[in-house]
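> Sharing a structure here in structure tokens format.
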Amino acid sequence: MSAAAPTNSGAPQRVLVVDDEPQILRALRLVLRDAGFEVVPAESGAEALDRAAVHPPQAAIVDLMLPDVDGVEVTRRLREWSDIPILVLSAVGEEEEKVRALRAGADDYVTKPFGSRELVARLQATLRRGGRSPEQPRIQADRLEIDLAARTVRNGDEPVHLTPIEFQLLGVLARNRGRLMTHRSLLTEVWGPQCADDVQTLRTHIARLRAKIEPAPNSPRHIVTDPGVGYRFAE
């Protein structure tokens, strides 16, 4: 079954797809076209940057290992002039590579092998985030309702009492719904740059937050862990 097509009307959204393996590039083209996207393929970093300049895409999927420059460098160069969603693909799952890609400006990191439905869902999620206003007054996730303006949280009909730090942490995660947030980015935004390396503090507050908002804290549904890298608020 094909993944659902993008919900926006008008012309298909253009996606730059960069991978030097012909079989993977061909598969990605088929998957994305079935999902309703227009695909701009490239087999190297230089080709990708040229094509992006001539036909600016609405999003990019970039393989980490390319024959000329790596995907992190392609991401960095795209970020110099564009704020499009960027997903990095790689067979390399090490934490350091993920962090390098995210710091360069990637919005998400997908490890090979990946499911086609998951990839399309991740892409659609980043595109939806790109189209949102920077500050949504209210965010709904199942029974959980986060009112950013009123600084209140409800789980169904029940109010959830959060400390100021817990609310700020939840707000950052929810505003970036679906996006992988690194430990450093969360610590810097909530506690400040002086606490950027205090991962244990972050873990403690995430545990407390889960105990208050998750139906089953030991099997979290809202705040998902990417081991060794960070957290995301589930799409």
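> Of the residues V160, V153, which is in contact (Cβ under 8 Å) with a residue 60 or more places away in the chain and open to solvent by less than 30 Å² (accessible area, probe 1.4 Å)? Break it down into steps so the answer makes sense when it comes.
Working: V160 fails: in contact (Cβ under 8 Å) with a residue 60 or more places away in the chain.
Step by step, each of V160, V153 is checked, and only V153 is in contact (Cβ under 8 Å) with a residue 60 or more places away in the chain and open to solvent by less than 30 Å² (accessible area, probe 1.4 Å).
> Right, I165: farther than 28 Å from A60 by Cα and crowded, with 17+ Cβ neighbours inside 10 Å or not? Full working, then the answer.
Working: farther than 28 Å from A60 by Cα: yes; crowded, with 17+ Cβ neighbours inside 10 Å: no.
The answer is no for I165.
> With the requirement that a residue be under 20 Å from T126 (Cα atoms) and among the charged types (D, E, K, R), what does the stretch 141-176 give you?
Across the stretch 141-176, the qualifying residues are D142, R175.
> Could you look through the stretch 207-222, keep only residues that are open to solvent by less than 50 Å² (accessible area, probe 1.4 Å) and touching a residue at least 60 places away in the same chain (Cβ under 8 Å), and pick out the one that is farthest from the chain's Cα centre (by Cα)?
Filtering first and then ranking leaves I213.
> Looking only at the stretch 17-57, count how many residues are open to solvent by less than 30 Å² (accessible area, probe 1.4 Å) and either farther than 19 Å from G115 by Cα or modelled with pLDDT under 90 (or both).
Matching residues across the stretch 17-57 total 8.
> Would a scan of the stretch 46-62 turn up a residue that is closer than 19 Å to V92 by Cα, among the aliphatic types (A, V, I, L, M) and touching a Ser or Thr at 6+ places or on another chain (Cβ under 7 Å)? Even if it seems obvious, please write down each step before you answer.
Filtering the stretch 46-62 for residues closer than 19 Å to V92 by Cα gives 60-62.
Checking the rest, the ones that are also among the aliphatic types (A, V, I, L, M) come to 60-62.
Next, only the ones that are touching a Ser or Thr at 6+ places or on another chain (Cβ under 7 Å) stay: 62.
Checking the stretch 46-62: at least one residue is closer than 19 Å to V92 by Cα, among the aliphatic types (A, V, I, L, M) and touching a Ser or Thr at 6+ places or on another chain (Cβ under 7 Å).
> So, in the stretch 223-235, how many residues would count as being free of Cβ contacts under 8 Å to residues at least 24 places away in the same chain and among the hydrophobic types (A, V, I, L, M, F, W, C)?
So the answer is 1.
> Can you give me the number of residues within the stretch 182-206 that are open to solvent by less than 10 Å² (accessible area, probe 1.4 Å) and touching a strand residue (DSSP E or B) at 6+ places or on another chain (Cβ under 9 Å)?
3
The values are calculated or read from the model by the stated rules, or taken from the named source; none is laboratory data. A quick note: this is a predicted structure, and the numbers were derived from the prediction, not measured. Using ideal geometry, Cβ is built from the backbone for each residue, glycine included, and neighbour counts are taken over all protein chains shown. What goes into the accessible areas is simple: the full protein's heavy atoms, side chains included, and nothing from ligands, DNA or RNA. Shrake-Rupley method; radii C 1.70, N 1.55, O 1.52, S 1.80 Å.
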